[in-house]
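The values are calculated or read from the model by the stated rules, or taken from the named source; none is laboratory data. As the structure is a prediction and not an experimental result, all values here were calculated from the model. As a convention, Cβ positions derive from the backbone with ideal geometry for all residues, glycine included, and neighbour counts pool all protein chains shown. The protein model used for the area step is the full one, side chains on, heavy atoms only, and it has no ligands, DNA or RNA in it. Shrake-Rupley method; radii C 1.70, N 1.55, O 1.52, S 1.80 Å.
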Amino acid sequence: MWDYSFAIPSLLILMIVMFFYFSLPRLPIKMNRVFLSIVLNEAFVIVLDIVSSLADENYRLFSVPFLIALNTAYFVFFIIRMYLYYIYTFVLLRINLPKKSILSIVDTIPMLISLSIIFAGMFTGYIFTIDDTGYHSGKLYNLIYVSNYFYLILSFILIYCFRDRIRRRRERRSIIGYNALMAIGLMVRIALPKLLLFDTFCVMAVILIYLAFENPEFFIELRSGTFNSHAFRSYIEENEGKGKYRILAFVIKNYHEMREIYGSAQMDHGIALISNFLVKNYSDRMFFYYRSGRFIVVGKADMDYKRMQEELWVRFHLPWKSNNTELYLDIGFAVIDCSEGYEHAAEVISTIGKLLETADKSGDQVCEYADKTTMEEYEDDLKNKLALESAIDNERVEIFLQPIMHADSKNLAGAEALARIRDEEGNLISPGAFIPIAEKNGRISQLGEQVFEKVCKFLSENDIEKMNMSFINVNLSPIQFMRNDLCDRFLRIIRRYGIDAEKIHLEITEESMKDEQQMLRQIEMMQRAGFLFALDDYGKGYSNLTRLKRTPFINIKIDMEVVWDHCKNPDNVLPMMVRSFKDIGFTITAEGIETEKMADQMSEMGADLLQGKLFSMPIPVNEFIKKYS
Ligand code: C2E
Ligand code: MG
Ligand code: MG
């Protein structure tokens, strides 16, 4: 009566998925727990589907109560099946409902009603009956589909409403994909009930989920065999607001140098040895390997981290033996005490990063410490980071202009463009807070390019000569020179706006002018292309005259601290420097001019240009145009 040619192979294929799924450790998060239920439930349904169909075909061999129980069990798992897929979708979309919200109550009702009807059916025969002629569908048989369709439709609605929660396109397709497979499978079951084909569709859905979301390897750092940074993020995100932990993190000091000294293979082995050591000795804690020699141990709220720290220090005094080599590694610690819970996972993660960075750099045996209060201080940093990302992504980096005046006539000579971004409320954030972040997370090139482009746009839209201005200064970070195509990219932008390269003076800080061959090569290339360069913040770094002579600047900007210092206690040092610079042919800008007296002092000393509060602090572009047109 029934055709098993799909159901049995489907079960066998499911076995293979299960084999792989169970062969690696699984991260204890809700998504994985639900998937585990899906897989186990799937195995039950398929086995029950096959067994009950076989029994129904040979109904004479079994007692009626046994057949009723078997068929009822099948229908129960059948109903739970779709509910579990729905919950999985719900978890994937990261929908957090308050405990008593309507949806969280309503969404179990169809399943509960269906289950009640199925149990009642054991006595009433509404769903199926078994008599002398065998198994027959009951009057209300089609009710078993109602709850399935309810969950499917609800899943699709949720996917539509919360589609932005899933960023990767492949994941978005997968979540639609397995739900579509379930929908098609269900239709096939209604059309061809004897084929037992729905099971096959469900196994396809399981495989799709496995490949897109559940492969345990996604959460495991294969070198160390421990959970990876993605796992840590997921774990800590899931427990936002409710998890109470103590986190002990440690970093192998100078990890990258150590890798060079010992070799990658040896270090990888070392990392695996450390992971093994942790797993063996502290089985009640969770371990994560967070890239670049950083380990994170998550323990209960009362974990004795001091003791663990002592023990690890003792262990790290001994070498780690790896394929004939002994690795001597030094570590620095960070403790993040979340025993009172934490609000934002991102805060915990960035705090760990910060503390480990400090621990890595410090020379002694150290342990950096943070708890709820200290973590809140890091929140500003995090906000700046988010504001930066969003400003860059949406091309909303702004420029402010600060006038630069002729020292003799006090007329406008040019301006310096300074980057600004805004936080969520629209308040300005100044560069001191976001340039270092942009330099660290590799977005400075994009930021610099946006500033450069906005300056070009300003130059193309305004006749600066009419404002008596001949140049605009743009700051460059040394990191921007790491890109070999910097010159090409800038050239392309100025051509697009039809501007003269000479109108833009690129400022590079003295501190960043170490003997970087790459940087000098690029500066020369850009100079040949017509760009002019100025040395920013002179006096903060360690340039000597001979080197400066060789570098291709046209202007030197004296750092404001140096200017202030000289104005307070005038001596011969700065005037002599300025004279030598002018002999070589540089023009001089004095920064940080706040009073008339400072302006006079600096012009007397020989500064050609003055910049500072006295004239104006940096102001928005339209204000600048209004003021100086
Ligand atoms: P900087 O290039 O030396 O810019 C001068 C800084 O001094 C500006 O701070 C300016 O507002 C401030 N300033 C000017 N005159 C006075 C004064 O009379 N008194 C005082 N107390 N301060 C004065 P800002 O805008 O906060 O910029 C800080 C630094 O951030 C800049 O120093 C520059 O190194 C960097 N920066 C700004 N924009 C960019 C950019 O687009 N790219 C890069 N790479 N760095 C930038
Ligand atoms: Mg500057
Ligand atoms: Mg400066």
In this structure, is G270 in contact (Cβ under 8 Å) with a residue 24 or more places away in the chain, over 18 Å from S350 (Cβ atoms) and part of a helix (DSSP H, G or I)? yes
Out of (1) at pLDDT below 95; (2) assigned to a helix (DSSP H, G or I), the one S292 does not meet is (2)
Return yes when D284 is modelled with pLDDT under 95 and closer than 24 Å to S339 by Cα and no when it is not. yes
Of P436, P403, which residue is within 13 Å of ligand 1 (Cβ to nearest atom), at negative phi and surrounded by fewer than 17 Cβ atoms within 10 Å (Cβ to Cβ)? P436
Within the stretch 429-481, take every residue that is within 16 Å of ligand 2 (Cβ to nearest atom) and outside any helix (DSSP H, G or I) and give me the one that is farthest from the chain's Cα centre (by Cα). F471
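Could you tell me which residue of the stretch 415-428 is nearest to ligand 2 (Cβ to nearest atom), considering only residues that are surrounded by 15 or more Cβ atoms within 10 Å (Cβ to Cβ) and under 17 Å from E623 (Cβ atoms)?
Within the stretch 415-428, the subset surrounded by 15 or more Cβ atoms within 10 Å (Cβ to Cβ) is 415-423.
Cutting the leftovers down to under 17 Å from E623 (Cβ atoms) gives us 415-420, 422.
On the way: A415: 11, E416: 6, A417: 9, L418: 7, A419: 10, R420: 14, R422: 21 Å.
Only one residue tops the list, namely E416.
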Members of the stretch 579-597 that are more than 16 Å from ligand 3 (Cβ to nearest atom) and more than 17 Å from T551 (Cβ to Cβ): R579, T595, E596, K597
Looking at I625, I584, which is the one that is in contact with a Leu (Cβ under 8 Å, 6 or more places away or on another chain) and either buried (at least 21 other Cβ atoms within 10 Å of the Cβ) or on the phi < 0 side of the Ramachandran plot (or both)? I584
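Report, by residue number, each residue of the stretch 595-614 that is in contact (Cβ under 8 Å) with a residue 12 or more places away in the chain and loosely packed, with under 15 Cβ neighbours inside 10 Å.
Our first condition is that a residue be in contact (Cβ under 8 Å) with a residue 12 or more places away in the chain; within the stretch 595-614, this holds for 595-599, 601-603, 605-614.
Within the stretch 595-614, T595, E596, K597, K613 qualify.
So in the stretch 204-225, with the set limited to residues that are open to solvent by less than 50 Å² (accessible area, probe 1.4 Å) and in a loop (DSSP other than H, G, I, E, B), which one is nearest to I175 (Cα to Cα)?
As a first pass, look at the stretch 204-225 and keep what is open to solvent by less than 50 Å² (accessible area, probe 1.4 Å): 205-206, 208-210, 212-216, 219-221, 224-225.
Next, only the ones that are in a loop (DSSP other than H, G, I, E, B) stay: 215, 224-225.
Details: N215: 15, S224: 30, G225: 28 Å.
The selected residue is N215.
Residue by residue, here is whether (1) in contact with a strand residue (DSSP E or B) (Cβ under 8 Å, 6 or more places away or on another chain); (2) modelled with pLDDT under 90; (3) within 11 Å of ligand 3 (Cβ to nearest atom) holds:
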site	(1), (2), (3)
Q522	no, yes, no
F531	yes, no, no
A534	yes, no, yes
T551	yes, yes, no
Does the stretch 446-461 contain any residue that is open to solvent by less than 20 Å² (accessible area, probe 1.4 Å), within 16 Å of ligand 3 (Cβ to nearest atom) and within 17 Å of A534 (Cβ to Cβ)? yes
Checking L412 against (1) away from ligand 3 (no atom under 16 Å from the Cβ); (2) open to solvent by less than 40 Å² (accessible area, probe 1.4 Å); (3) out of contact with any Pro (no Cβ under 9 Å at 6 or more places or on another chain): exactly one of these is not met. Which one? (3)
Check whether at least one residue in the stretch 598-618 is basic (K, R) and away from ligand 3 (no atom under 16 Å from the Cβ), and report yes or no. no
Answer from L158, L143 - the residue that is within 19 Å of R81 (Cα to Cα) and open to solvent by less than 50 Å² (accessible area, probe 1.4 Å): L158
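Tell me which residues, restricted to the stretch 536-547, are within 16 Å of ligand 3 (Cβ to nearest atom) and free of Cβ contacts under 8 Å to residues at least 40 places away in the same chain. Even if it seems obvious, please write down each step before you answer.
The first filter runs over the stretch 536-547 and keeps only residues within 16 Å of ligand 3 (Cβ to nearest atom), leaving 536-541, 543.
Residues satisfying the conditions are Y538, G539, K540, G541, S543.
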Looking at (1) within 16 Å of ligand 1 (Cβ to nearest atom); (2) within 30 Å of the chain's Cα centre (by Cα); (3) not basic (K, R), which is the only condition E507 fails? (2)
Let me spell it out: the conditions are (1) open to solvent by less than 50 Å² (accessible area, probe 1.4 Å); (2) more than 16 Å from ligand 3 (Cβ to nearest atom); (3) over 28 Å from N411 (Cα atoms); (4) at pLDDT 90 or above, and S477 meets all of them except one. Which number is the exception? (2)
Across the stretch 480-499, which residue is farthest from ligand 3 (Cβ to nearest atom) among those that are more than 19 Å from Q522 (Cα to Cα) and in contact (Cβ under 8 Å) with a residue 40 or more places away in the chain? R496
Return the residue satisfying two criteria in turn: it lies in the stretch 488-508 and is more than 13 Å from G448 (Cβ to Cβ) and surrounded by 14 or more Cβ atoms within 10 Å (Cβ to Cβ), and of such residues it is nearest to ligand 2 (Cβ to nearest atom). H505
V573 vs (1) within 23 Å of L459 (Cα to Cα); (2) loosely packed, with under 14 Cβ neighbours inside 10 Å; (3) not hydroxyl-bearing (S, T, Y): all pass except (1)
Search the stretch 241-261 for residues that are in contact (Cβ under 8 Å) with a residue 12 or more places away in the chain and pair each with any residue that is among the β-branched types (V, I, T) and not in a helix (DSSP H, G or I) when their beta-carbon atoms are under 6 Å apart and the residues are at least 6 apart or on different chains. Y245/V298; I247/V298; I247/I336; L248/V297; L248/V335; A249/I296; F250/I331; I252/I331
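Quick one: which of F232, F201 is out of contact with any Asp or Glu (no Cβ under 7 Å at 6 or more places or on another chain) and surrounded by 23 or more Cβ atoms within 10 Å (Cβ to Cβ)? First the steps, then the outcome.
Values: F201 fails: surrounded by 23 or more Cβ atoms within 10 Å (Cβ to Cβ).
Criteria check complete, one pass: F232.
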Test set (1) under 18 Å from the mean Cα position of the chain (by Cα); (2) under 23 Å from Y282 (Cβ atoms) - R246 fails condition number: (1)
